[in-house]
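First up is the structure itself, then whatever we jot down about it.
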């Protein structure tokens, strides 16, 4: 343990920092909420974050390889561990809503996943950690990674492939959720691909014999993939799709071009490869049967999270010191209106996904406690590109309640709560927990040593392959 470390003094410094900077932090979050820029277009959001980091003494590099809205900010006061924080700030298309207790769409983009809170809250952790280290003369390096396009394009996987996270000793992250806990669950890896069929256009009534329908090929491929679902392992494999080009607007024209877009989620690299290889065979077979041609285009890809018990246990202890968000009666009443159309059964199902089964949870519109179930050896039924940094260095993941119990991310209640006091309180809880954990990792060499040894052991058993480098059927 670093001789300058004093837990009571650390907590005092952190509390004072948040008291002094709370309004500035909320203003930063609200600015990003109002900007609501989607993936790879987060120019002003990245600018807001980098300007704030520069003003607090961090050196900033804006624009990483092929990623103009990605950045890394660093502060160092001497030789010591390198602790990295993951920030996000991209919004979702067409998810803008007014702050109201009923859905009032604005027709704009919106932060229905709370990335405005994530970006600003993580920045608060980096800045407050710097304050602690300066005042207590604790040596080390802090990095804030500005990570764009989480929602659409898995930029962190590309950043990992480019070596941007190299040199990191530990990674800390958080994400808005509808309850508060530290996760040791893994996640689903994601691979996106498009089948682009090219046929021959012709008049559908006078010369149909001259046509070869690309739309038929898309439809038949999708039917075959649906039947394939019956014959794949029941271990968290998800296949979702959108027909992104239906071949035109007129039924009298045989479609010469059509496209279907798939997202395949699975718990392991082997499952992903197996399912996607079978889908490729389907598409090629359908192309042969319909006398069309198919082009396969691969899109975003990310890995499954590699959890770390040493960091997670440290993070949970710090979360318990900080405490869960505390809600006013007005906030509870407001949240109840946001969630009034969700049945108790659906709320219970949502919470059960995260192993929260206490029926008392359903008695309040906002989660008020801290779940100590870290879902060790579990699998979160979602994908995130935050997984790829976890294969580069040991990572801890925190989730904080900022929306009604039972509500869904990517929904209008999440957009609303991310722009008001409910979200702001979760952001502060997360920021305080992350900074406490960062300082622990720097000052207590045993925690970091154990985390790195655990990470090394897991990698030895299952080496990292960046998902962008997976090879499928040719």
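The values are calculated or read from the model by the stated rules, or taken from the named source; none is laboratory data. Predicted model, so just to flag it, every value in this text is computed and none were measured. Note that we place each Cβ from the backbone using ideal geometry, even for glycine, and neighbour counts take in every protein chain shown.
Kindly provide the set of residues from the stretch 261-286 that are farther than 30 Å from residue 40 by Cβ and either out of contact with any strand residue (DSSP E or B) (no Cβ under 8 Å at 6 or more places or on another chain) or surrounded by 22 or more Cβ atoms within 10 Å (Cβ to Cβ) (or both), ordered by number.
270, 274, 278, 281, 282, 285, 286
Taking residue 321 as meeting all but one of (1) modelled with pLDDT under 90; (2) in contact with a helix residue (DSSP H, G or I) (Cβ under 8 Å, 6 or more places away or on another chain); (3) surrounded by fewer than 17 Cβ atoms within 10 Å (Cβ to Cβ), write down the number of the exception.
Of everything listed in (1) modelled with pLDDT under 90; (2) in contact with a helix residue (DSSP H, G or I) (Cβ under 8 Å, 6 or more places away or on another chain); (3) surrounded by fewer than 17 Cβ atoms within 10 Å (Cβ to Cβ), residue 321 misses just condition (1).
Within the stretch 144-163, track down each residue that is surrounded by 23 or more Cβ atoms within 10 Å (Cβ to Cβ) and at negative phi.
144, 145, 146, 147, 148, 150, 155, 156, 157, 158, 159, 160
For the stretch 280-309, which positions are over 22 Å from residue 387 (Cβ atoms) and part of a helix (DSSP H, G or I)?
Across the stretch 280-309, the qualifying residues are 280, 281, 282, 283, 284, 285, 286, 287, 288, 289, 290.
Hey, any hits in the stretch 328-338 for a residue that's in a loop (DSSP other than H, G, I, E, B) and either loosely packed, with under 15 Cβ neighbours inside 10 Å or in contact (Cβ under 8 Å) with a residue 24 or more places away in the chain (or both)?
yes
Within the stretch 365-388, is there a residue that is under 29 Å from residue 451 (Cα atoms), in a helix (DSSP H, G or I), in contact (Cβ under 8 Å) with a residue 24 or more places away in the chain and out of contact with any helix residue (DSSP H, G or I) (no Cβ under 6 Å at 6 or more places or on another chain)?
yes
Residue-wise test of (1) in contact with a strand residue (DSSP E or B) (Cβ under 7 Å, 6 or more places away or on another chain); (2) in a strand (DSSP E or B).
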| residue | (1), (2) |
| --- | --- |
| 34 | no, no |
| 40 | yes, no |
| 45 | no, no |
| 48 | no, no |
| 54 | yes, no |
| 57 | yes, no |
| 72 | yes, yes |
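Look at the stretch 462-474 and say how many of its residues are surrounded by 13 or more Cβ atoms within 10 Å (Cβ to Cβ) and not in a helix (DSSP H, G or I).
Adding up the residues that qualify gives 5.
Checking the conditions here, which among 3, 54 is surrounded by fewer than 20 Cβ atoms within 10 Å (Cβ to Cβ) and at pLDDT 95 or above?
Working: 3 fails: at pLDDT 95 or above.
None of the others qualify; the one that does is 54.
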